[in-house]
Amino acid sequence: MGNKIIETLVGTAVLAVAGFFLVYAYNAADMSGSSDSYTLLASFDRVDGLAVGSDVRMSGIKIGTVTNQTLNSDSFLAQIEISIDKGIDLPTDSSAKVASDGLLGGAYVALDAGGSMDILEAGDEIEFTQGSVDIMSLIGQAIFSFTGGNDEAKDQAP
């Protein structure tokens, strides 16, 4: 009889700790869907590595998250939806680019504020965008150029 009480108490403690970690993870991931943000749209030619939940940063500070990704069937551009904190007012000529956290890091959206006096409203689209850079093709091009793969340059040498 004493073993059942101990097992019940240990089981209750394990469930309580698991519940604590779930609440902590939910709050740390900022998935609460708070209403103190507004939504903007942006279209990119490439969004490699960018996923729903990725950061939106300005000057290295997280100011929002990517909430949705779709392919525009008319223009064949990747259209993303981002949620920006309400206290951040972006000028209409602001720009967005898909950046990377180092060579093997994840992707995020980097915003640069413009100089316009007009402010983007909820649902507006950021006009000036730059897609992600394909790191593997850049490395391939660098290796190709260092190994003397350019035969035209050899033919033109005096």
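The residues D134, D112, when put in order of fewest to most other Cβ atoms within 10 Å, stand as D134, D112. Hey, what angle do you get for helix 135-146 against the long axis of the chain, alpha-carbon based, 0 to 90 degrees rounded to 10? Approximately 40 degrees, to the nearest 10. The angle between the Cα long axis of helix 2-28 and the longest principal axis of the Cα atoms of the chain comes to about 30 degrees, rounded to the nearest 10. For the chain, the relative contact order works out to 23 percent when only alpha carbon pairs closer than 8 Å and six or more residues apart are counted. Taking GluC sites (Glu not before Pro) in DSSP loop states with no more than 15 other Cβ atoms inside 10 Å as exposed sites, the chain has its longest site-free stretch at 1-120.
In terms of overall dimensions, the chain has a Cα radius of gyration and Dmax of 23.8, 97 angstrom.
Laboratory data are not the source of any read-out in this text; all were calculated from the coordinates shown. On a predicted model such as this, the values are computed, not experimentally measured, just so you know. No Cβ is skipped: glycine too gets one built from the backbone with ideal geometry, and neighbour counts run over all protein chains shown.
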